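> What follows is a structure written as structure tokens; I'll ask about it next.
Where a number appears in this text, it was derived from the coordinates with a stated rule and is not lab data. None of these values were measured; they are calculated from a predicted model. In this analysis, Cβ positions are derived from the backbone assuming ideal geometry, glycine residues included, and neighbour counts consider all displayed protein chains.
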Amino acid sequence: MKTATFKIWRGDAKGGEFRDYRTEISEGMVVLDAVNQIQATQANDLACRWNCKAGKCGSCSAEVNGMPKLMCMTRMSELPLDRPITVEPMKAFPIVKDLITDVSWNFRVKKKIKKFKPRPPDAPDGTWRMRQEDIDRVQEFRKCIECFLCQDVCHVLRDHQMYEKFIGPRFLIHVAALEMHPLDTENRIDELRNAQGIGYCNITKCCTKVCPENIEITDNGIIPLKERVVDDFYDPLGWIWKGLKKLLNG
Amino acid sequence: MNGATTLPRRNSFGETMRADVWWTQPLLVFVGLSIFIVYSTWAAFQGTHYFFGNYISPFYSPEIFGFSPHSWFGPKPDWWPDWFIFSPALLVLWAPGGFRVTCYYYRGAYYKAFWADPPACTVGEPRKSYWGERSFPLIMQNAHRYFLYLALFFILVLTYDVWKALWFVNPVTGKASLGIGIGTLVLAINVVLLGGYTFGCHSLRHLAGGFLDQFSKSPACYRAYVCVSCFNRRHMLWAWLSLFWVGFADLYVRLCSMGILHDVRLF
């Protein structure tokens, strides 16, 4: 049976270190299996958060060989076993213990975003009617499992720690899901530009690269939102065009 | 963030736990863009060997003022300052250049390759300060859609250049006849690749229909949005192919004009 060496970060907010663990690898194993095996046999006090083991709960986010990944979706067969595999907590968030980070900042950010505000119901029974082509676009954004890997990899948060000025890709996608929703009537563009800091995104596409749900975060979410900001704040010809259209339509 | 003091230490420049060769992609982008910038700048300042019979280099088209038969308004204008080198390319090349500089794909690519902001995903940066695209000069990137309007006009002009490249003048009779040379194909492929790049532009995607919340109310806009989205999915590929080919098209016309290459007439 194959074996692999893991360098797992052990410690808390005060500090820590990488410790080596050697464990057997069987066919079909993912990194989370190996970490659980190490926890069961060698390090009972290793703190690791996980739940569904199916890439849907977003609990087991960590950095494997330096890249943000869901441990449950990272196959051992994809990793080179000839050198140690590093597993460490997400670097964009404060460490609680070992592989566990405090991601509560994300939930506080989400509370500040303007809520869904639908138009009056289309039917007397209080329901709405939507066409499939209208809802297709935002359905992609609804796939988000809130693993926060995109927040972790975003250099604006990770390296520049601009938590007060920038909401990060996860919540830009959340705003996109609301803003592009065919029933929604709320306007979030001013907040996007100012309080939520969309201008800090410099389109590195790292968020798209790490998304386990393969959401095209940059191309389908952030850039279309940037274009909506341009509509409202940086396009004088567009303002004239819209004014003329309004005049012509009475 | 509450408890910011407990955040992990920032990576220093180039520091990462990544085990792959992360520097390959930014290096390739750096080399590719540098070669193009150096060549196109050199070619733009030459002011000679930019046309060959019915072919004109895409770097010099539209030739607003110039010395070739392709010139729209005659030779060098009187108001052009004597102390500044004149080249027809200098009058037009800023527009497609601006389109590429403000392009969403290139922005992400050159921020990494030229400015290390960041050098690659999860790799430490050289600077602590960060302004993003909120302050001058990068706030000017928001002018991308204006460069798009110009780029769409250039596609029309370059398409007309291909049409002209189909007509060869017989030096004896002076009559023009329909034909295709290697140069015609080079210029035609150039238009196809530039078209693929321009019609996949993120700004065009927005203007075509992306600004709508209810596509079903504007079926024509929705169809345009779907069409642009189709090109947009391979925007990076179109960007690189068109960049390479537009440089190659200039080189081809230049070498033909200098007599180094012989343009083969296919029929």
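> Taking A:LYS242 as the anchor, which aspartates and glutamates have their alpha carbon closer than 15 Å to its alpha carbon, excluding any fewer than eight residues away along the same chain?
A:ASP231, A:ASP232
> Return, for the Cα atoms of the stretch A:2-101, the radius of gyration and Dmax in Å, separated by a comma.
12.4, 37
> If the reach is capped at under 18 angstrom between alpha carbons, list the lysines near A:LYS7, excluding any in the same chain fewer than eight residues apart.
Partners within reach: A:LYS69, A:LYS91, A:LYS97.
> Let me ask something additional. Let me check I've understood the local charge: for B:TYR104, count other residues with C-beta under 12 angstrom from its C-beta, Lys and Arg +1, Asp and Glu -1. What total comes out?
Overall, the nearby charge balance is +3.
> Which cysteines in chain A lack any other cysteine whose Cβ sits under 4.7 Å from their own Cβ?
A:CYS48, A:CYS60, A:CYS72, A:CYS144, A:CYS147, A:CYS154, A:CYS201, A:CYS211
> Continuing with the same structure: All other residues with a Cβ under 11 Å from the Cβ of A:GLN42 taken together, and with Lys, Arg as +1 and Asp, Glu as -1, what is their net charge?
After counting each charged neighbour, the total is 0.
> At 222 nm, what value in deg cm²/dmol follows for chain B if DSSP H runs of at least 4 each add -39500 (n - 2.57) and the sum is divided by all its residues, to the nearest 500?
-15000 deg cm²/dmol
> Roughly how far apart, in whole Å, are the Cα centres of the stretch B:44-123 and the stretch B:182-207?
The stretch B:44-123 and the stretch B:182-207 have Cα centres spaced 16 Å from each other.
> Once you measure Cβ to Cβ distances between cysteines in chain B, which Cys have no partner under 4.7 Å?
Singleton cysteines: B:CYS103, B:CYS201, B:CYS221, B:CYS227, B:CYS230, B:CYS256.
> Just to confirm my numbers, what's the Cα centroid distance between the stretch A:183-247 and the stretch A:51-85 in Å?
Using only Cα atoms to place each centre, the spacing works out to 32 Å.
> Per residue of A:151-162, count partner chain C-beta atoms within 10 Å of its C-beta, then hand back the mean as an integer.
5
> Provide the gained length on full extension for the span B:LEU178 to B:VAL38, in nm with one decimal, where the gain is 0.36 nm per separating residue minus the Cα-Cα distance.
Roughly 46.8 nm would be gained on extension.
> Within the P(r) computed for chain A, what percentage of the Cα pairs occupies the region above 34 Å?
30 percent
> Rg to Rh ratio, the stretch A:104-239, alpha-carbon atoms and Kirkwood radius?
Computed over Cα atoms, the ratio is 0.98.
> While we're looking at this one, here's another question. With the cut-off at 1.5 for a/c, could you classify the stretch A:147-201 from its C-alpha gyration tensor as rounded, prolate or oblate?
Oblate, because a/c is 1.5 or more while a/b does not exceed b/c.
> With all pairs of different alpha carbon atoms counted, what Kirkwood hydrodynamic radius in Å does the protein assembly as shown show?
26.1 Å
> Please sort by residue number the trypsin sites (Lys or Arg not before Pro) in the stretch A:40-116 whose DSSP state is loop and whose Cβ has at most 14 other Cβ atoms within 10 Å.
A:LYS114, A:LYS115
> Let me ask something else. Scan chain A and hand back the longest stretch that contains none of the chymotrypsin sites (Phe, Trp or Tyr not before Pro) lying in DSSP loops with at most 13 other Cβ atoms within 10 Å.
A:129-250
> What FRET efficiency would be calculated for the residue pair B:GLN214, A:ALA47, taking the C-beta separation as r and a Förster radius of 45 Å, to the nearest 0.05?
Rounded to the nearest 0.05, the efficiency is 0.40.
> For A:VAL30, enumerate residues with amide H under 5 Å from its amide H, sequence gap 5+ or separate chain, H modeled in the peptide plane.
A:MET76
> Take the alpha-carbon positions of the stretch A:26-166, form their convex hull, and give its projected area averaged over all directions (one quarter of the hull surface) in nm².
The directionally averaged projection comes out at 12.5 nm².
> Write down the percent of antiparallel bridges among all DSSP beta bridges whose residues are both part of chain A, to the nearest 5.
Counting DSSP beta bridges with both partners in chain A, the antiparallel share is about 90 percent.
> At a Förster distance of 41 Å, what's the computed FRET efficiency of A:ARG75 paired with A:GLN139, Cβ-Cβ distance as r, to 0.05?
So, using R0 = 41 Å, E works out to roughly 0.90.
> Enter the mean projected area of the convex hull around the alpha-carbon atoms of chain B, in nm², rounded to one decimal.
21.1 nm²
> On a 0 to 90° scale, report how tilted helix A:223-233 is relative to the longest principal axis of chain A, with both axes built from alpha carbons and the result rounded to the nearest 10.
40 degrees
> Defining a contact as two alpha carbons under 8 Å apart and six or more residues distant in sequence, what relative contact order in percent does chain A show?
16 percent
> Taking a label point 7 Å from the Cα of A:LEU237 along the Cα→Cβ vector, which residues of the stretch B:64-102 have an amide N closer than 20 Å to it?
B:64, B:91-102
> Which FRET efficiency, nearest 0.05, do B:TRP80 and B:ALA143 yield, Cβ-Cβ r, R0 25 Å?
Using R0 = 25 Å, I get an efficiency of 0.45.
> Net charge near A:ILE217, counting Lys/Arg +1 and Asp/Glu -1 over other residues with Cβ under 14 Å of its Cβ?
Result for the neighbourhood of A:ILE217: +1.
> Next question, about the same structure. Could you derive backbone 3J(HN,Hα) for the stretch A:178-192 from the dihedral phi with the Karplus parameters 6.51, -1.76 and 1.60 (θ = phi - 60°), listing whole Hz in sequence and x where the residue is Gly or Pro?
Values per residue, Gly and Pro as x: 7, 5, 9, 5, x, 9, 6, 10, 6, 10, 10, 5, 4, 5, 4 Hz.
> Hey, what do the phi angles of the stretch A:237-243 turn into as Karplus ³J(HN,Hα) couplings, whole Hz, using 6.51/-1.76/1.60 and θ = phi - 60°, x for Gly and Pro?
After applying 6.51 cos²θ - 1.76 cosθ + 1.60, I find 5, x, 5, 5, 4, 5, x Hz.
> Then there's this: Please list, by residue number, every one of the trypsin sites (Lys or Arg not before Pro) in the stretch B:130-196 that is coil in DSSP and has at most 14 other beta-carbon atoms within 10 Å.
B:LYS175
> Something else now. Label A:LEU247 and A:ASP20 with points 7 Å out from Cα along Cα→Cβ: what is the distance between them in nm?
7.7 nm
> Of A:LYS226/B:LYS76; B:LYS164/B:LYS217; A:LYS226/A:LYS246, which ones are farther than 31 Å apart at the Cα?
Listed pairs above 31 Å: A:LYS226/B:LYS76; B:LYS164/B:LYS217.
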